[in-house]
Amino acid sequence: MSMQKIGSDTAVLADCIEVPGIGFLPVNAFVLLADEPVVVDTGLSLPDRNFLSALSSVMDPADVRWIWLTHPDRDHTGGLFDLLVAAPNARVVTTFIGAGIMSTEHPLPMDRVRLVNPGQSLDVGGGRTLRAFRPPLFDNPATVGFYDDRTRTCFTSDCFGAPMPSAEAAVDGTAADLDPEDLRAAQLLWATVDSPWVHTVDTGKYLATLQPLSAMDAENVLCTHLPPAVGLAPRMLDTLAQAPGSAPFVGPDQQALEQMLAGFEPGPDGAVPPQAM
Ligand SMILES: [Fe+2]
Ligand SMILES: [Fe+2]
């Protein structure tokens with residue numbers, strides 16, 4: 001994972017995963033060095049990732065007070081339980097549904113949970129308040145993003161994601177590095193992959209869900225699946241407005257998978273490398 005500072009007290013811990021045929025999907029976690037420090041999501045659940053070591057490049061994990069789990073998908077929960085051990089005073093910010101989903105695999109200790117619904121706020125000390133909201137696009141019913149008006153930073157979970165053309169662009173770049181048309185196309189692709197329901201919604205009602213984000217007037221948009229985006233919120237909201245009318249994503253079928261696999265060099269033991277799957 002690499003680390004990038006946004007402003008004076010917000011950091012991005014950036015990782016990525018290659019999705020064949022789609023690109024390099026950023027997988028970010030974030031750190032907010034508030035009076036009561038906040039970690040937002042905890043990275044991929046792959047055995048070779050060490051979230052605590054990445055977090056240590058920003059702060060002592062023992063001092064974390066809040067782990068804002070934007071939703072309990074496995075690309076957000078990788079370091080969650082290690083961090084709960086390392087940070088004895090930390091609580092997991094989630095919803096009733098989020099805690100319920102976690103209970104199907106690895107239950108959260110309920111005395112270390114803080115339930116925050118969209119529309120509610122979390123006080124993180126020093127008069128700083130994080131306002132929870134439901135992002136317009138999401139793939140999990142527990143999804144809750146938040147807005148930090150101290151830094152005008154909006155944390156949007158999966159919403160605004162975009163696969164990148166290279167691992168370097170995914171991990172070390174910013175969203176502004178991409179040609180605007182390429183960024184628009186990649187965000188629409190992700191919107192249709194991650195939120196396929198967007199093609200079935202009442203467009204007027206959907207567009208109304210973009211308004212609260214527009215009203216926030218965020219300077220920084222920090223999405224789990226996009227390099228940091230500074231000064232791009234209006235343009236990215238215009239892109240999201242086009243999502244219902246964009247082409248639905250259809251994944252590779254078995255024939256396409258076999259063609260893909262035939263294109264990979266087998267390893268010495270004849271096995272196909274796992275990242276090819
Ligand atoms: Fe997700
Ligand atoms: Fe995700």
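The values are calculated or read from the model by the stated rules, or taken from the named source; none is laboratory data. From a predicted model like this one, the values you see are computed outputs, not experimental measurements. FYI the Cβ positions are ideal-geometry reconstructions off the backbone, even for glycines, and counts take in every protein chain you see.
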Being among the hydroxyl-bearing types (S, T, Y) and either away from ligand 2 (no atom under 16 Å from the Cβ) or loosely packed, with under 15 Cβ neighbours inside 10 Å (or both) is the filter here, so list the residues in segment 47-76 that pass it.
S53, S56, S57
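Residues T224, T239: which one is surrounded by 19 or more Cβ atoms within 10 Å (Cβ to Cβ), over 22 Å from D15 (Cα atoms) and not hydrophobic (A, V, I, L, M, F, W, C)? Break it down into steps so the answer makes sense when it comes.
Values: T224 fails: over 22 Å from D15 (Cα atoms).
After ruling out the rest, the residue left standing is T239.
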Pairing a residue in segment 7-20 that is farther than 18 Å from V124 by Cβ and touching a residue at least 40 places away in the same chain (Cβ under 8 Å) with any residue that is hydroxyl-bearing (S, T, Y) and surrounded by fewer than 23 Cβ atoms within 10 Å (Cβ to Cβ), where Cβ atoms lie under 7 Å and the two sit 6 or more apart in sequence or on different chains, gives A14/S2
Just a yes or no: is a residue in segment 92-110 outside any loop (DSSP other than H, G, I, E, B), within 16 Å of the chain's Cα centre (by Cα) and either within 16 Å of ligand 2 (Cβ to nearest atom) or at pLDDT below 95 (or both)?
yes
So G78 clears everything in (1) assigned to a loop (DSSP other than H, G, I, E, B); (2) within 16 Å of ligand 1 (Cβ to nearest atom); (3) closer than 22 Å to S121 by Cα; (4) free of Cβ contacts under 8 Å to residues at least 60 places away in the same chain except one condition, right? Which one?
(3)
Report every pair of residues separated by at least 6 positions or lying on different chains whose Cβ atoms are under 9 Å apart, first residue within segment 152-172 and in contact (Cβ under 8 Å) with a residue 24 or more places away in the chain and over 18 Å from W68 (Cα atoms), second in a helix (DSSP H, G or I) and polar (S, T, N, Q).
F160/Q187; F160/T239; G161/Q187; A162/Q187
Selection within segment 137-161 - more than 15 Å from V230 (Cβ to Cβ), more than 14 Å from ligand 1 (Cβ to nearest atom) and assigned to a loop (DSSP other than H, G, I, E, B):
D149, R150
Residue check, A247 against (1) loosely packed, with under 13 Cβ neighbours inside 10 Å; (2) touching a residue at least 24 places away in the same chain (Cβ under 8 Å); (3) part of a helix (DSSP H, G or I), all met but one. Which one?
(3)
